[in-house]
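Nothing in this text is a laboratory measurement; each read-out follows from the coordinates by a stated rule. The model shown is predicted, which means the values in this text are computed figures rather than measured ones. Note that we place each Cβ from the backbone using ideal geometry, even for glycine, and neighbour counts take in every protein chain shown.
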Amino acid sequence: MPSRAFVSGVAAVALMALPCPVFAAGPIVFRDKTAATGIDFRHTTGGSGRKYMAETVASGLATFDYDGDGRLDLYLLSGVPLEGAPSDPRAGSRLYRNVGDWQFADTTVAAGLDQRGYALGVAVGDYDADGWPDVYTNDFGPNTLHRNNGDGTFTDVTAAAGVARGEALGAGANFLDIDGDGVLDLFVANYVDFRYDTHRTSLVAGRPDYARPREFAPRANRLFRGTGQGRFDDVSAAAGIAAHAGAGMGSVCFDADGDGRTDIFLCNDQRFDFLFHNEGDGSFRESALAAGVACNVLGAPTASMGVDAGDYDNDGRIDLVVTPYFNELPVLHHALGGGQFEDVAARAGLGVRAVAAVKWGVALVDLDNDGHRDIVITCGRIYEPAAGERSAWPPVLFRNLGNGRFANVSDQAGDLSACSGVARGLACDDLDGDGRVDLVILNRDGPATVLRNESPAANHWVGVRLRGKRAAADGTGARITVVAGDLVQVAEVHSGRGYQSHFGAWPHFGLGTHDRIDRIEVRWAGGTTDVVGDVPVDRLVTIVEGTGPTDTAGSTERGQP
Amino acid sequence: MTARGTRTPRRPTPPPPPPARAAARVSRWVVSGLVVGTVLLAGLGGGFVWWRSDREVARVLAALRPLAAEVPADQVERRAAIEVADRLLRDFPTAPEALYARGRILLRHGFQAEAVKSLEAAIALVPDLAAAHELLGLDALQRGHYEAAAGHLQRGLASDPTLPAAGVALGEALNNLGRMREAVPVLERFIAVNPAVAAAHFQLGQAWSYLHEYGRAKASHLEALRHDPTSGLACYGVALACDRLGEKEMAGEYRRRHVELVAADRRIGQRRVREGQSADEARGALAAAYDLAARIYAANDRPAEAAALRASAADPLPGATAPPSPPAGAGRP
């Protein structure tokens, strides 16, 4: 498609940023705000003691603005009682509306999201291009698509959309735009072929425990093509997706080789990971081994759980970070260009105090706004602990040193190291609009953890919210380049990332001491490009396809959709 | 990184069946002053060592406890091993070589936490007890505590440069910590003495690869394959190096071999827990425990017990015809 450049200076001097303080590399500090938030959610695996496989992988979570008030809300997934477990009327996923000042109100029932599915993974995307984010959950059992009505409520449109798809044990999910036509498509990952009638356990220390994933056959994944008429067609076979079965877990859709088309990376548990390369004709070619992302640097297929995609070294290429099992280093696939990657985790310092735990949620996000993306990882055990062992682990925080290496600063990050849990999902977003990315952790069979980022606010930042016209309405698949002096950063808009979670739909860029942004360039998934020049900092900027910025709300004031 | 589940080039078995060399090494302190030590311990009992110990030593020693009730009754081998370990603790509660032996036995049979306590207690008494540092380092490496592993292994090697497994393990720990420039000389020293250990060549290949010395990386991985042709991971190392060197055909060939070997490796699904062991392996492990204990008793002038333990070592599982049950899932997260 022809490229169309749009250059706009932001005229309003009133929007100029405040004077820039001298940069100081302060610590990254989190405070546990959970008790003060009003969030009374408690995740359940719905276990009955029979050790069903589904319990091990529950659950992810989502942060997104469902009511258009400019504040990011929380959708916390949960299981429900499994066969043999007593009923629990409170069990289930919960929606919490962010009402400001770190208060969250449970609006699950009022919003119509009080589903009783066994929710494992989630993706948020505006599949019907009406300006309101819709929610797809990947369950153990039929999956669900909830259409956002734009009035604070949702309607279950699963049947009409044709995306329920049976009784599989689900995993991650992603909206993506396969062909840049502006209509969102849907990738749905599956784990293993666990059903009640295939249930089995392992005997460990004389007692039954969860079976190992390789004791079940892997399940193929699904790809649905959006028709633009509110329906999806299952193109899994035709697109070449169904031909590959791993034991899918977290997934992320990103442009792996810079060809402008969105590819799909899928973690597989104890098997080679998949990279479905978008061939541009509606089909995908599994190319993980050739690309160097099928396994870690040793050549070993890891027990990959979660994945995030981002440019950690600001070389303009999107890298991948993958969270594997205990005694396996996190995997950091550094993009070399041309669709090739190299695992540099050890060289980057990710082997420091991040290996002993089972790792799940993961995010590449700039937590101190220094212009370099840091790494957060959540951890938690799967199996019953033996005497002297523990199930709960604190998160791990790697600070990006800006030289290709990371430092484990978990113990110097305020309350972070005290927040032990049997964690699964992780979402990272700016919940209070103060320009610092906060954390929400979903803990298996426990309450969620909400951590406010209280790092020194010396550095500048910008958030970018996209509104597509011909491209996907929520900007999914767009690539954003922010240029501030000599600091050049790229990010993509993802739907679904981390461990079966969704967050960061408004990409956040730390700017260090740069108090002006020279330009923001958006390459939409359809191939068109917009460039916005001279952008003020410390605010969320909304860029509308083809028309430039319409809203550059400050840190305490956010625009409506 | 320990690539459990796929076939890493074989690492030398941690300290091989202990007694002969290891016990001598372990007991360097004891052997050199065996008579004095035995007399002192016999004459003054544990009180002498307790008197010498600081509060930390006392705390560590106090934490040691019998484990007899910890194992399911059907696991004959583990129960027998624990009985040996508990007996060592009962008879020599403050003898460093006995604490080391106990830690070694417990570690081999899956009681990691108690094993570490025992080894730390031994080190609290003899800070440069090389073999204990080696075992603690290997355990830390296995658990992904690379800094701790490197620390113990370096201390162990400083006390005894001939430790059998410490060199390659230290190289691996340093690689995983991103300290490849330190890993290279450690591994080269190890290889100079142990040229046929595939794991050492593999780790050296990893270090060179991390350092972008792809020609050397390729050579090291090929050497690893020469000593262990079944290593899929070494094939992957060769493939990656060839990729970087622009040798696409060779890269493709080794990538194919990598996939074939990984796919054929039945251990992939077993990475999370030891699936069990053969009766022979069980007997061997238990025999080693008896033999090690026998040496402790012999060194402490208790020949009758030593002889009985040696007899047990000769037939460690009398009457056992079937493999014992899989050991408990120690270390399974």
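Side notes on the structure shown:
- Legend: mean number of C-beta atoms from other chains within 10 angstrom of residue C-beta atoms, peptide A:297-309, equals 6.
- Residues whose amide H falls under 5 Å from that of residue A:512, counting only those 5 or more places apart or on a different chain, are A:370, A:371, A:460, with hydrogens built in the peptide plane.
- Under 24 Å from residue A:359, Cα to Cα: lysines that are on another chain or at least 8 residues apart: A:33, A:51
- When Rg and Dmax are taken over the Cα atoms of segment A:430-540, they come to 15.3, 48 Å.
- Computed from the C-alpha gyration tensor, the three semi-axes of the ellipsoid equivalent to segment B:192-249 are 18, 12, 8 Å, from longest to shortest.
- Each 10 Å bin from zero up to the one holding the largest Cα-Cα distance in segment B:152-232 carries the following percent of pairs: 22, 53, 23, 2.
- Compared with the rule-of-thumb size 2.2 N^0.38 Å for a compact globular protein, segment A:300-390 has a Cα radius of gyration ratio of 1.15.
- Its Kirkwood hydrodynamic radius, worked out from the mean inverse distance over all distinct Cα pairs, puts segment A:343-474 at 16.0 Å.
- Euclidean distance of C-alpha centroids, segment A:169-189 and segment A:195-263, integer Å: 13
- Exposed loop sites, defined as GluC sites (Glu not before Pro) outside DSSP H, G, I, E and B with at most 16 other Cβ atoms within 10 Å, are absent from the longest region of chain A, namely A:390-556.
- Within segment B:54-198, all pairs of alpha-carbon atoms sorted by distance into 10 Å bins from zero give the percentages 13, 38, 30, 16, 3.
- The C-alpha atoms of segment A:196-319 occupy a region whose extents along the principal axes are 54, 40, 23 Å, arranged from largest to smallest.
- Nonlocal amide H pairs with residue A:170, under 5 Å, H built at 1.01 Å: A:139, A:140, A:141, A:191
- Sequence-ordered 3J(HN,Hα) estimates for segment A:373-378 from the Karplus curve with 6.51, -1.76 and 1.60 and θ = phi - 60° stand at 6, 8, 10, 10, 9, 9 Hz, glycine and proline given as x.
- Our helix-only sum for chain A, with -39,500 (n - 2.57) per DSSP H run of n ≥ 4 divided by its residues, gives a mean residue ellipticity at 222 nm of -500 deg cm²/dmol.
- Judged by the ratio a/c of the largest to the smallest principal axis of the C-alpha gyration tensor, segment A:109-259 counts as oblate, that ratio being 1.5 or greater while a/b is no larger than b/c.
- Here the Karplus curve 6.51 cos²θ - 1.76 cosθ + 1.60, taken at θ = phi - 60°, turns the phi angles of segment A:31-42 into couplings of 10, 6, 9, 3, 5, 8, 7, x, 7, 10, 4, 9 Hz, with x standing for Gly and Pro.
- Cα-Cα P(r), chain A, percent of pairs per 10 Å interval: 4, 20, 33, 29, 12, 2, 0, 0
- For segment A:440-457, backbone phi angles converted through the Karplus equation (6.51, -1.76, 1.60; θ = phi - 60°) give residue-by-residue couplings of 10, 10, 9, 9, 4, 6, x, x, 6, 10, 10, 10, 8, 7, 10, 5, x, 9 Hz, Gly and Pro being listed as x.
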